[in-house]
Structure formats: C-alpha cells, structure tokens
C-alpha cells in the first residue's frame, strides 16, 4: 500500500511541475505594422513586439508605437497573472487605472477572434515584458508626444 501511495504521489508531483513550467520557445520578433498587415503566419506562435499598451475601462489593447498604415487595427491583450522577475517589476511601473505604456512584449499571438468586447480580431497573451520605454496616464486633454498622431 505504501508503495502505491508513494508512486501516486511521485506521478502527481511530476505532472504538476510539468504543467506549471513554460517551454523555452524563442519568440519571433516582428514589427507591429508587419504583424497587423499579415497576422495569420504568426497565429499560435510566440512573438516579440514593440507596442503601446492601453489600459482603461473595458480596454486592454496594443496600439502601434509609430505611424502605421493599418492604424485602425488593434490587438486585444491578456496579461498572465504569473508574470515573474523583471517582467513583474516592469509591469508594476505601468500606470494604474487608465494609462499608456510603450514597451516590448512577448507572448502567444492569436488571430481569428472575436476577442475582448468582440471588436478585436487579434489577441496577444503576454507572459513577458522585455523593455519599458515610457508611461503616462490617459488624459482627455492631450496624449504624450510619444503616441503616434495617425
């Protein structure tokens, strides 16, 4: 009986540890504009993209960090609750409530939608924040100079 209990405990421990660890898949770097232009080849893949994260009431989206021909296309965002290390430290610097953060993000990209409130056809599940460049609270009077004016 002890042998069976020990075996079951060992199997459960191994299955649990494997489920919580993420595979070390190298993210493919792509510009926001190229991603929006042709999203299908990246669907289901790990990507790295520099973008502006917009967080507000019922909004969690990525916008282009520079002028883009497809400036109307936005990406819905889900940020994993288990951010760790440097990613968590950077995320804590994002404005609370309604804010903008220009950063480089990594995660799994999905296409097809609908996502978010139903108006998004693309989604990025962020599990790493690589670099934070700028942050600002959203203002009704003006946007920071680093937000594209397209």
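The values are calculated or read from the model by the stated rules, or taken from the named source; none is laboratory data. Keep in mind that this is a model prediction, so the values were computed, not measured. So basically every Cβ, Gly included, is an ideal-geometry build from the backbone, and we count neighbours across all protein chains shown.
Does residue 54 satisfy the condition of being within 15 Å of residue 136 (Cα to Cα), assigned to a loop (DSSP other than H, G, I, E, B) and either at pLDDT 90 or above or touching a helix residue (DSSP H, G or I) at 6+ places or on another chain (Cβ under 6 Å) (or both)?
Values: within 15 Å of residue 136 (Cα to Cα): yes; assigned to a loop (DSSP other than H, G, I, E, B): no; either at pLDDT 90 or above or touching a helix residue (DSSP H, G or I) at 6+ places or on another chain (Cβ under 6 Å) (or both): yes.
It is false that residue 54 is within 15 Å of residue 136 (Cα to Cα), assigned to a loop (DSSP other than H, G, I, E, B) and either at pLDDT 90 or above or touching a helix residue (DSSP H, G or I) at 6+ places or on another chain (Cβ under 6 Å) (or both).
Can you tell me which of 96, 74, 89 is out of contact with any helix residue (DSSP H, G or I) (no Cβ under 7 Å at 6 or more places or on another chain) and surrounded by 14 or more Cβ atoms within 10 Å (Cβ to Cβ)? It would help to see each step written out before you state the result.
Working: 96 fails: surrounded by 14 or more Cβ atoms within 10 Å (Cβ to Cβ); 89 fails: surrounded by 14 or more Cβ atoms within 10 Å (Cβ to Cβ).
On inspection, the qualifying residue turns out to be 74.
Go through (1) farther than 28 Å from residue 37 by Cβ; (2) out of contact with any strand residue (DSSP E or B) (no Cβ under 7 Å at 6 or more places or on another chain); (3) surrounded by 14 or more Cβ atoms within 10 Å (Cβ to Cβ) and name the single condition residue 59 misses.
Of everything listed in (1) farther than 28 Å from residue 37 by Cβ; (2) out of contact with any strand residue (DSSP E or B) (no Cβ under 7 Å at 6 or more places or on another chain); (3) surrounded by 14 or more Cβ atoms within 10 Å (Cβ to Cβ), residue 59 misses just condition (1).
Based on this model, can you work out whether residue 135 counts as closer than 25 Å to residue 28 by Cβ, modelled with pLDDT of 90 or more and surrounded by fewer than 19 Cβ atoms within 10 Å (Cβ to Cβ)?
Criteria not met by residue 135.
Regarding the range 110-119, can at least one residue be identified that is in contact (Cβ under 8 Å) with a residue 60 or more places away in the chain, out of contact with any helix residue (DSSP H, G or I) (no Cβ under 7 Å at 6 or more places or on another chain) and under 14 Å from residue 74 (Cα atoms)? Before the answer, list the steps.
In the first step, residues of the range 110-119 are kept if they are in contact (Cβ under 8 Å) with a residue 60 or more places away in the chain; the result is 110-112.
Restricting the remaining residues to those that are out of contact with any helix residue (DSSP H, G or I) (no Cβ under 7 Å at 6 or more places or on another chain) gives 110, 112.
Among the residues that remain, those that are also under 14 Å from residue 74 (Cα atoms) are: 110, 112.
Yes: one or more hits.
From the list 118, 112, pick out the single residue that is over 17 Å from residue 46 (Cα atoms) and surrounded by fewer than 16 Cβ atoms within 10 Å (Cβ to Cβ). Walk me through it before giving the result.
Details: 112 fails: over 17 Å from residue 46 (Cα atoms).
So the residue among 118, 112 that is over 17 Å from residue 46 (Cα atoms) and surrounded by fewer than 16 Cβ atoms within 10 Å (Cβ to Cβ) is 118.
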